[in-house]
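Q: Below you will find the structure I want to go over with you.
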Amino acid sequence: MTETADVKAAKKRLPSAQRFIIGVSKFWPWVFLGLMVLFFLIAVPVFSGGASFWSVRNSQNILVAITPVLLLGLGQTFVIISAGIDLSVGWVMSLASVFSAHAIRATYNAGVPLPFAVMAGFFAAVFSAASVGLVNGLIIAKLKVPAFIVTLGTSFVVRGLALLFSENTTVIGLPDGIRDYGNESLFYSIRGDGGGFYVLEPPADLTTAMIRQMDRILPWPVVITAVVVAICIFLLRKTQFGRHTYAIGGNMQAALRTGIPVDSHIIKLYMLSSVTAGIAGFLSTLRFTAGSAVIGDPLLLSSIAAVIIGGVSLFGGAGSIMGTVIGALIIAVLTTGLVMLNVQAFWQFIVVGVVVIVAVLIDQSRDLIIGRGRSGRGGA
Amino acid sequence: MRIRRLLATVAVATITGSLAISAATGQDKIKIGFLPGVVDPFYQVMQLGVEKAAADLGVEVVTQIPPTWGVEAQTPILDALIARGDLDYIITAPTDKDQMVAPLQAALDAGIKIITVDTFLGDGDYANGPVNFPIAYIGSDNMEGGRISARGLAKAIGGKGTVYINSTNPNVSSVEARELGFKEVMVAEFPDIKVLGPDYNLDDQNKAAQQTGAVIEQNPDLAGVFGTNVFSAGGAGNAVVNAGLSGAVQVVAYDATAEAIELMGKGVVSLVLAQKPFDMGYMAVQFAVADNAGVTSLPKRVETGFAIIDKDNVADPEVARFIYRVPN
């Protein structure tokens, strides 16, 4: 019994108005994003004197801006679909940032070539993050403590560990070349005379004017995040892992009775959530050329907001990766657009808050129509 | 249907809100982005200086203030400022001397020149240091500020006893130098004074109060506290008042907020070091305009100095004008 079959069956016996709401519930994040982009496309040139929202540079900026929030949201999507929650991801990201910076610096200083030192940093980030996820998962699955409490607790523990292992919050002294890994791109395009399109590296000896005309297309953090998104989509839609995730979130008791190994699956889910946060920490170390023990703290709530705006049900059983991508995009487009309109960035919080509540209202009204009340849901 | 209406309301509210706030702008003038570190009275006064200079010199300024202190809050706003594509200069207080190098380098790559105020990148030596792309650093000589604070506190407590440093964030050029200058003087000139800390409150005044309170509990003989900025000094002052130790524990406050001055009136704060954020903001705009006009001999580093405020001179208008006052 999957979500789509559920919805299809329900649709057949519904009047058109209710069918419309189900349609809206599915596509409204896309529509909202589209309307918002349209609004900024018109408003930015009019109100900020010639600046354009529609530029290659701006599109790439928005993509870079969503990477940390999106990576935190990707693993979280799986967890929330399974009717859980992971409040530790922000600090797991910080912990991973600190450990990856230590690993890069230590291996590079020991004479390891930079690309391998960066790999060491990646594994340090992923393993430190995964071990937090393992602890979260074990306590939630085996000791049956609610996920909210467990991950709240571990977030404090991880926060302490990140600060302890950092050198007064920031791990510096990384090799110079690190900056390129975090800030350079797959393609470069130079507009105007003498310009062109370059792969991997811009031409040497550019004039200042040419640098000003250069767009960086697909910066490395975006490329890596896109790969993680693709893996998550595959996992959720095409594998047994994904089907089990929906099943556990839809009805835990039924999942147990059908023989799904619920405990081990939950452990894997929390490890996945930590690992995507760990990758976010690794990328932030590259981008800011230092490990930071506080980097993920302000991102946690934004990432949960992105997941919910994207249509993942907090009651479990429904949601998609693309929804989360759209949710993260909505938040990033809002920040960038408001700054370009000279509107204080604080307005972003107000708009995001309203959008989150609207998202849940839409989710609930759909559930009412389909007749899947909260009563039928299991879940920790 | 209710939901559709709700959505429409949200959209309309968003649009009208934006329209009301953004003003139509002119063209052909140089445009400057102003990106301070966080919302606090210090940067608000700096913003007044920036806006005054912009009005006097006929340039346009776009101000965006990060809601919290840190690279993760400052960078997306910086990126959006870069993405506007119409800025010629960005005046900013980097929230980390190492981590903000790459994001600000990206601004430079987009053709935007950088002036740092209050805090700097690298070691702050833009002539010979590791980071040399910003036009200038305009701010306090924070090392000297730390030394002045140390001597002021030492005098207030009679040259002996235990003192404690409460600071905001590590790896921020401004407060780091204040700690160093403070400790240097204590070690060199006041061997009978023992220095505890610093603890870092991460720009949270409640936390500063809590940390100071704990140190007071642990060290009943604590004689003085050095609060390295707005949040630290405010929190330290609160803790001393709450512990009923007003006058017994002396506080030296970096940054002349109204709160610090009020605490001085109550005998909690013995010395307030006022920086000159208005000067920093005003001069940074002047530097941008001069650079744009082709001036090539701008100094790479400008120290704006201090006003030292104590209970004897606080009423003097020549001194009181350096208290951070923001019109509501």
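The values are calculated or read from the model by the stated rules, or taken from the named source; none is laboratory data. Note that the structure is predicted; figures quoted are calculated from it, not measured. Virtual Cβ from ideal backbone geometry, glycine too; neighbours counted across all protein chains shown.
Q: Can you tell me which residue within segment A:223-239, out of those that are closer than 21 Å to A:Val92 by Cβ and not polar (S, T, N, Q), is surrounded by the fewest Cβ atoms within 10 Å (Cβ to Cβ)? Talk me through it step by step, then tell me what you get.
A: Step one: filter segment A:223-239 for residues closer than 21 Å to A:Val92 by Cβ, giving A:224-225, A:227-229, A:231-232, A:235-236.
The next check asks that each one be not polar (S, T, N, Q); those that pass are A:224, A:227-229, A:231-232, A:235-236.
Working: A:Ile224: 19, A:Val227: 11, A:Val228: 20, A:Val229: 19, A:Ile231: 14, A:Cys232: 24, A:Leu235: 17, A:Leu236: 21.
The extreme case among them is A:Val227.
Q: Would you pick out the residues in segment B:109-139 that are part of a loop (DSSP other than H, G, I, E, B) and closer than 18 Å to B:Ile82 by Cα?
A: Matches in segment B:109-139: B:Ala110, B:Gly111, B:Ile112, B:Phe133, B:Pro134, B:Ile135.
Q: Please go through segment B:149-178 and give me each residue that is in a helix (DSSP H, G or I) and away from chain A (no Cβ under 14 Å), ordered by number. Full working, then the answer.
A: Going through segment B:149-178, the residues in a helix (DSSP H, G or I) turn out to be B:149-156, B:173-178.
Across segment B:149-178, the qualifying residues are B:Ser149, B:Ala150, B:Arg151, B:Gly152, B:Leu153, B:Ala154, B:Lys155, B:Ala156, B:Ser174, B:Ala177, B:Arg178.
Q: Can I ask one more? Only residues that are crowded, with 21+ Cβ neighbours inside 10 Å, free of Cβ contacts under 8 Å to residues at least 40 places away in the same chain and among the β-branched types (Val, Ile, Thr): list them for segment B:186-215, please.
A: The one that is crowded, with 21+ Cβ neighbours inside 10 Å, free of Cβ contacts under 8 Å to residues at least 40 places away in the same chain and among the β-branched types (Val, Ile, Thr): B:Ile193.
Q: Can you give me the number of residues within segment A:30-56 that are of a type outside the set (A, V, I, L, M) and surrounded by fewer than 19 Cβ atoms within 10 Å (Cβ to Cβ)? Reasoning before the result, please.
A: Step one: of segment A:30-56, the residues of a type outside the set (A, V, I, L, M) are A:30, A:32, A:34, A:39-40, A:45, A:47-50, A:52-55.
Then drop every residue that is not surrounded by fewer than 19 Cβ atoms within 10 Å (Cβ to Cβ), which leaves A:30, A:34, A:39, A:45, A:50, A:52, A:54-55.
Number satisfying all stated conditions: 8.
Q: Moving on to the next point. Of all residues being surrounded by 18 or more Cβ atoms within 10 Å (Cβ to Cβ) and among the polar types (S, T, N, Q) in segment A:115-169, which is nearest to A:Asp263 (Cα to Cα)? Just the residue, please.
A: Ranking the qualifying residues of segment A:115-169, first place goes to A:Asn136.
Q: Quick check: anything in segment B:233-243 crowded, with 19+ Cβ neighbours inside 10 Å and over 25 Å from A:Thr169 (Cβ atoms)? Lay out the reasoning, then the answer.
A: Step one: of segment B:233-243, the residues crowded, with 19+ Cβ neighbours inside 10 Å are B:233-240.
Subsequent filtering for residues that are over 25 Å from A:Thr169 (Cβ atoms) retains B:240.
Checking segment B:233-243: at least one residue is crowded, with 19+ Cβ neighbours inside 10 Å and over 25 Å from A:Thr169 (Cβ atoms).
Q: A further question on this structure: Take segment A:341-355 and flag every residue that is β-branched (Val, Ile, Thr), surrounded by 19 or more Cβ atoms within 10 Å (Cβ to Cβ) and assigned to a helix (DSSP H, G or I). Break it down stepwise before answering.
A: To start, the set of residues in segment A:341-355 that are β-branched (Val, Ile, Thr) comprises A:343, A:350-352, A:354-355.
In the following step, the residues that additionally are surrounded by 19 or more Cβ atoms within 10 Å (Cβ to Cβ) were identified as A:343, A:351-352, A:355.
Answer for segment A:341-355, where residues must be β-branched (Val, Ile, Thr), surrounded by 19 or more Cβ atoms within 10 Å (Cβ to Cβ) and assigned to a helix (DSSP H, G or I): A:Val351, A:Val352, A:Val355.
Q: Condition test on A:Tyr198, is it touching a Phe, Trp or Tyr at 6+ places or on another chain (Cβ under 8 Å), farther than 26 Å from A:Arg105 by Cα and away from chain B (no Cβ under 14 Å)? Working first, answer last.
A: Details: touching a Phe, Trp or Tyr at 6+ places or on another chain (Cβ under 8 Å): yes; farther than 26 Å from A:Arg105 by Cα: yes; away from chain B (no Cβ under 14 Å): yes.
Taking the combined requirement at face value, the residue satisfies it.
Q: Here's a follow-up. Do we have any residue at all in segment B:99-117 that's among the small types (Gly, Ala, Ser) and farther than 25 Å from B:Thr68 by Cα? Steps first, answer last, please.
A: Keep residues of segment B:99-117 that are among the small types (Gly, Ala, Ser), which gives B:102, B:106-107, B:110-111.
Subset that is farther than 25 Å from B:Thr68 by Cα: B:110-111.
For segment B:99-117, residues among the small types (Gly, Ala, Ser) and farther than 25 Å from B:Thr68 by Cα: present.
Q: Going by the structure shown, is A:Gly311 among the small types (Gly, Ala, Ser), within 14 Å of another protein chain (Cβ to nearest Cβ) and in a loop (DSSP other than H, G, I, E, B)? Explain how you work it out, then say what you get.
A: On the way: among the small types (Gly, Ala, Ser): yes; within 14 Å of another protein chain (Cβ to nearest Cβ): yes; in a loop (DSSP other than H, G, I, E, B): yes.
Yes, satisfied.
Q: In addition: Quick one: is B:Ala188 out of contact with any Phe, Trp or Tyr (no Cβ under 6 Å at 6 or more places or on another chain) and within 14 Å of B:Ser232 (Cα to Cα)?
A: On the way: out of contact with any Phe, Trp or Tyr (no Cβ under 6 Å at 6 or more places or on another chain): yes; within 14 Å of B:Ser232 (Cα to Cα): no.
Taking the combined requirement at face value, the residue does not satisfy it.
Q: Further question: Name the one entry in B:Ala55, B:Ala20 that is modelled with pLDDT of 50 or more and more than 8 Å from every other protein chain (Cβ to nearest Cβ). Before the answer, list the steps.
A: Working: B:Ala20 fails: modelled with pLDDT of 50 or more.
From the options B:Ala55, B:Ala20, the qualifying one is B:Ala55.
Q: Could you tell me whether segment A:342-352 includes any residue that is modelled with pLDDT of 90 or more, aliphatic (A, V, I, L, M) and in contact with a helix residue (DSSP H, G or I) (Cβ under 8 Å, 6 or more places away or on another chain)?
A: There is no residue in segment A:342-352 that is modelled with pLDDT of 90 or more, aliphatic (A, V, I, L, M) and in contact with a helix residue (DSSP H, G or I) (Cβ under 8 Å, 6 or more places away or on another chain).
Q: Residues of segment A:146-170 being touching a residue at least 12 places away in the same chain (Cβ under 8 Å) and not in a helix (DSSP H, G or I), which ones?
A: A:Pro146, A:Ser166, A:Thr169, A:Thr170
Q: May I pose another question? Restricting attention to segment A:87-98, which residues are hydrophobic (A, V, I, L, M, F, W, C), more than 17 Å from A:Thr67 (Cα to Cα) and either touching a Phe, Trp or Tyr at 6+ places or on another chain (Cβ under 7 Å) or not in a helix (DSSP H, G or I) (or both)?
A: Let us first name the residues in segment A:87-98 that are hydrophobic (A, V, I, L, M, F, W, C), namely A:87, A:89, A:91-93, A:95-96, A:98.
Subset that is more than 17 Å from A:Thr67 (Cα to Cα): A:87, A:95, A:98.
Listed by number, the residues that qualify are A:Leu87, A:Val98.
Q: Scan segment B:66-90 residue by residue and report those that are at pLDDT 90 or above, out of contact with any Gly (no Cβ under 7 Å at 6 or more places or on another chain) and aliphatic (A, V, I, L, M).
A: Listed by number, the residues that qualify are B:Val71, B:Ile77, B:Leu78.
Q: Additional query: Which residue pairs have Cβ atoms closer than 7 Å, lie 6 or more positions apart in sequence or on different chains, and pair a first residue in segment B:19-38 that is closer than 17 Å to B:Gly111 by Cβ and part of a strand (DSSP E or B) with a second residue that is among the acidic types (Asp, Glu) and at pLDDT below 90?
A: From segment B:19-38, the pairs are B:Lys31/B:Asp86.
Q: Here's something else I'd like to know. Looking only at segment A:85-100, count how many residues are over 18 Å from A:Pro298 (Cα atoms) and either under 20 Å from the mean Cα position of the chain (by Cα) or modelled with pLDDT under 95 (or both). Please lay out each step first, then the result.
A: To start, the set of residues in segment A:85-100 that are over 18 Å from A:Pro298 (Cα atoms) comprises A:99-100.
From what's left, either under 20 Å from the mean Cα position of the chain (by Cα) or modelled with pLDDT under 95 (or both): A:100.
The qualifying residues number 1.
Q: Mind listing whichever residues of segment B:226-279 are in a strand (DSSP E or B) and not β-branched (Val, Ile, Thr)?
A: Taking segment B:226-279 first, the residues in a strand (DSSP E or B) are B:226-227, B:246, B:249-254, B:269-274.
Result: B:Phe226, B:Gly227, B:Ser246, B:Gln250, B:Ala253, B:Tyr254, B:Ser270, B:Leu271, B:Leu273, B:Ala274.
Q: Against the condition modelled with pLDDT of 90 or more, within 15 Å of the chain's Cα centre (by Cα) and among the polar types (S, T, N, Q), how does B:Gln286 come out, does it pass?
A: Working: modelled with pLDDT of 90 or more: yes; within 15 Å of the chain's Cα centre (by Cα): no; among the polar types (S, T, N, Q): yes.
Spelling it out, it is not the case that B:Gln286 is modelled with pLDDT of 90 or more, within 15 Å of the chain's Cα centre (by Cα) and among the polar types (S, T, N, Q).
Q: A follow-up question, please. Does segment B:88-101 contain any residue that is within 8 Å of chain A (Cβ to nearest Cβ), in contact with a helix residue (DSSP H, G or I) (Cβ under 9 Å, 6 or more places away or on another chain), in a loop (DSSP other than H, G, I, E, B) and surrounded by fewer than 22 Cβ atoms within 10 Å (Cβ to Cβ)? Steps first, answer last, please.
A: The initial filter retains those residues of segment B:88-101 that are within 8 Å of chain A (Cβ to nearest Cβ), namely B:96, B:98-101.
Next, from what is left, pick out any that are in contact with a helix residue (DSSP H, G or I) (Cβ under 9 Å, 6 or more places away or on another chain): B:96, B:98-101.
From the residues that got through so far, the ones that are in a loop (DSSP other than H, G, I, E, B) too are B:96, B:98-100.
Pick out the ones that are also surrounded by fewer than 22 Cβ atoms within 10 Å (Cβ to Cβ) and you get none.
Looking through segment B:88-101, none of the residues is within 8 Å of chain A (Cβ to nearest Cβ), in contact with a helix residue (DSSP H, G or I) (Cβ under 9 Å, 6 or more places away or on another chain), in a loop (DSSP other than H, G, I, E, B) and surrounded by fewer than 22 Cβ atoms within 10 Å (Cβ to Cβ).
Q: A further question on this structure: Do we have any residue at all in segment A:240-262 that's surrounded by fewer than 24 Cβ atoms within 10 Å (Cβ to Cβ), under 25 Å from A:Ser97 (Cα atoms) and out of contact with any strand residue (DSSP E or B) (no Cβ under 6 Å at 6 or more places or on another chain)?
A: The answer is no, given that none of the residues of segment A:240-262 is surrounded by fewer than 24 Cβ atoms within 10 Å (Cβ to Cβ), under 25 Å from A:Ser97 (Cα atoms) and out of contact with any strand residue (DSSP E or B) (no Cβ under 6 Å at 6 or more places or on another chain).
Q: Name every residue in segment A:44-70 that is within 7 Å of another protein chain (Cβ to nearest Cβ) and within 13 Å of B:Arg84 (Cβ to Cβ), in order of residue number.
A: Within segment A:44-70, A:Phe47, A:Ser48, A:Gly49, A:Gly50, A:Ala51, A:Ser52, A:Ser55, A:Arg57, A:Asn58, A:Asn61 qualify.
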